[in-house]
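Data first, discussion second: the structure below is written as structure tokens.
Read-outs throughout are calculated quantities, based only on the coordinates presented, and are distinct from any laboratory measurement. Only a predicted model underlies this, so the values are computations on that prediction, with no experimental measurement involved. Don't worry about glycine lacking a Cβ; one is built from the backbone with ideal geometry, like all the others, and counts go over all protein chains shown.
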């Protein structure tokens, strides 16, 4: 749904009249520069022209929209029931947090206005700025779906979707069907694709290469360096041959011991980048200490690590903030705990025998948990259309979870993983 910005106002302190402006600077995580409201939940307030006209029609009057004391008037954007949705205003992105409630000041502006603004979100919405920018009347206003949202992946110049698609190389599924499943996720809006040589002995790379070929330049492909002891260039050349196209990034795969990290051949990776074989480098890891060392050493454009309801808290509390501080892209995995949290399995494609009705979470709970933590991209393994539809529906209905909800999901995840084997992505897999 695409419309435009009609008018902008700043809210002065002490209830004075709204100040019309020709441009407004939206500051990420804070509010509108010069606006009285700063740092709370209500960074920006927005009203919609058609809803305002409905209220005027009920009152039989023409009323200046500035009387609503909102910051932005938009046209052609339906704000009804928009909580949790993303609204792009020019270059800025707002996450709608809720409906604004008309106060007694509305009746001071025009008697009965408060009541007229009550139904159908006529009073507008408020939201938080998750991407800043300067906006002006005439700029585009557009409601974004979570799957179609794009933001720069730190450490790169790529505009990435918040969800990515991982290994779909299930050996039980024909290659053509796997290619179609991956294409299905791409067509839904996911534009980050993850693969590795050891995902079914190169089968994943072959599938990815075939799936991305038709619109390669609009996608970001992450491939891996699996053998940490062997020269880098031959491994990369072999991966590129299986892909049949270029990769955007190569990361050292599964680096979970300090002694392994300290011997990684980043110098060879740098030479491959200089030769134009790919553009970005990094590591994936199952240990916070290794990730911290890599970030502090400044050798990564991207780091990949677990984020989900059952992961070591250091990934979330220490590594993600450090990646943001260093301007490094944070790409997560294990949202569903390798399937342990949502199914009766000990891991990928390994159903538990004689298991029935074990405790589990829903895909929606897991995904909303990860999206609330907010890594730059969350890679999901979605190897069936049913899995995809469930996760895509959950993403479309996302709203940030409250602390109490997050705690509840963590407690349920700790129960759901019991009896399903080691969680190898944590430093202590048995914990």
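A few comments on the model shown:
- At 0.890 mPa s and 25 °C, Stokes D of the chain from Kirkwood alpha-carbon radius, µm² per second: 105
- Estimated FRET transfer efficiency (residue 266, residue 75; beta-carbon r; R0 60 Å; 0.05): 0.70
- Computed over the stretch 164-296: relative contact order in percent, which uses C-alpha pairs under 8 Å that are six or more apart: 20
- Theoretical gain in end-to-end length, residue 173 to residue 326 [0.36 nm per residue, Cα-Cα removed]: 51.0 nm
- Derived value for the stretch 313-431: Kirkwood hydrodynamic radius 15.2 Å. Basis is the mean of 1/r over every pair of different alpha-carbon atoms.
- Cα-only radius of gyration and Dmax that characterise the stretch 83-181, units Å: 20.8, 69
- Spacing of the modelled spin labels on residue 289 and residue 402, each 7 Å from Cα toward Cβ, amounts to 3.9 nm.
- Alpha-carbon centroid distance for the pair the stretch 1-73 / the stretch 394-431, whole angstrom: 39
- Note on the stretch 182-272: Cα-Cα pairs beyond 21 Å make up 32% of the total pair count.
- Put simply, the stretch 2-144 fits an ellipsoid with semi-axes of 22, 16, 14 Å; these come from the alpha carbon gyration tensor as the roots of five times its eigenvalues, largest first.
- Taking the centroid of alpha carbons for each part, the stretch 337-377 and the stretch 276-291 are 25 Å apart.
- Helix 403-416 axis, angle to the chain major axis (alpha carbon atoms, nearest 10°): 30
- Inter-label distance for residue 54 and residue 348, nm, one decimal - labels placed 7 Å from Cα along Cα-to-Cβ: 4.8
- Bins of 5 Å from zero: percent of alpha-carbon pairs in the stretch 120-265: 2, 8, 16, 17, 16, 13, 9, 7, 5, 4, 2, 1, 0
- Under the simplified labelling scheme, the residue 66-residue 104 pair shows an inter-label distance of 2.4 nm, with each label point 7 Å from Cα along Cα→Cβ.
- Take every DSSP beta bridge whose two residues both sit in the chain; close to 55 percent of them are antiparallel.
- With respect to the chain, whose longest principal axis is taken over its alpha-carbon atoms, helix 385-396 is tilted by about 40°.
- On a per residue basis, the convex hull of the C-alpha atoms belonging to the stretch 163-227 measures out at 73 Å³.
- Sequence of 147, 181 once ranked by neighbouring C-beta atoms within 10 Å, starting from the fewest: 147, 181
- For the stretch 236-328, fraction of C-alpha pairs farther apart than 18 Å, in %: 46
- Paramagnetic reach from residue 411 in the stretch 283-314 [backbone N under 11 Å; point 7 Å along Cα→Cβ]: none
- For the chain, the longest principal axis of the C-alpha atoms and the axis of helix 232-243 are separated by about 70°.
- Only helical runs count toward this figure. For the chain, summing -39,500 (n - 2.57) over DSSP H runs of n ≥ 4 and dividing by all residues gives -8000 deg cm²/dmol at 222 nm.
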